[in-house]
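Asks: Here you go, one structure.
Each value in this text was obtained by applying a stated rule to the coordinates, not by laboratory testing. The structure presented is a predicted model; accordingly, all values stated were derived computationally and were not measured. Cβ coordinates were reconstructed from backbone atoms using ideal geometry, including for glycine residues, and neighbour counts include every protein chain displayed.
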Amino acid sequence: MPDRTSVSVGFRIRRPDAEDQLLSASGHLYRMATGWALTCRFPDEAGVSDMTLVVRNSEIRMNRKGTVAQEQLFLVGEWKPGTVGTPFGAMAAETWTHRIDQDLTPAGGSVEWVYDLKMMGTTFECCSIKLEIREEQT
């Protein structure tokens, strides 16, 4: 069984030509044999989303369920297909990941990735997500 820590998570999401989006959530950080897994629930634009993030050296796998669903692999230096589900149906998406920085310990840390997102023939350059993860004090 992996080690599990209750954590609080701060999200900073940057998109071109938009203000930073700041979110916070509670969740769990798991130490796995080959990396880390983070599970959390957070409010979004139209409700609540559950997210699982698996972090390894040069890749991040995201699975988000809720008002907006998303399945995406972020792998440095490669275009990777994914899907974004909305109330209007699923859309194909692709990401090109420029970099992934992660500094995680059982007490938390940070994960940041910078990527280009392509959806419906439009590329959004230099999006980024940064998570600050801290062990919850009981």
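Asks: Of Val48, Val68, Val111, which has the largest mean-square fluctuation in a 10 Å C-alpha GNM of the chain?
Replies: Maximum fluctuation in the GNM of the chain, among the listed residues, is at Val48.
Asks: Right, next: Applying the Karplus parametrisation 6.51 cos²θ - 1.76 cosθ + 1.60 with θ = phi - 60° to the phi angles of region 125-132, what ³J(HN,Hα) value in whole Hz is obtained for each residue in order, glycine and proline being reported as x?
Replies: Working through the residues one at a time gives 8, 6, 6, 8, 10, 10, 10, 10 Hz.
Asks: Can I ask one more? Using amide H atoms built 1.01 Å from N in the peptide plane, name the residues 5+ places from Glu78, or on other chains, whose amide H lies under 5 Å from its own.
Replies: Residues meeting the criterion, in which the H sits 1.01 Å from N, are Thr97.
Asks: Using the Cα centre as the reference, give the magnitude of the dipole from point charges on the C-beta atoms of region 3-131 (Lys, Arg: +1; Asp, Glu: -1; all else neutral), rounded to the nearest 20 debye.
Replies: Rounded to the nearest 20 debye, it is 340 debye.
Asks: How are the alpha carbon pair distances in region 1-77 distributed across 10 Å bins from zero to the largest one, expressed in percent?
Replies: Result, from short to long distances: 18, 47, 32, 4, 0 percent.
Asks: What is the local net charge at Trp36, summed over the other residues whose Cβ is closer than 15 Å to its Cβ (Lys, Arg +1; Asp, Glu -1)?
Replies: Charge balance in the 15 Å sphere: -2.
Asks: Okay, next question. For the chain, place one equal point scatterer on every Cα, skip the solvent, and apply the Debye formula. What is log10 of I(q)/I(0) at q = 0.14 Å⁻¹?
Replies: Each listed q corresponds, in turn, to -0.63.
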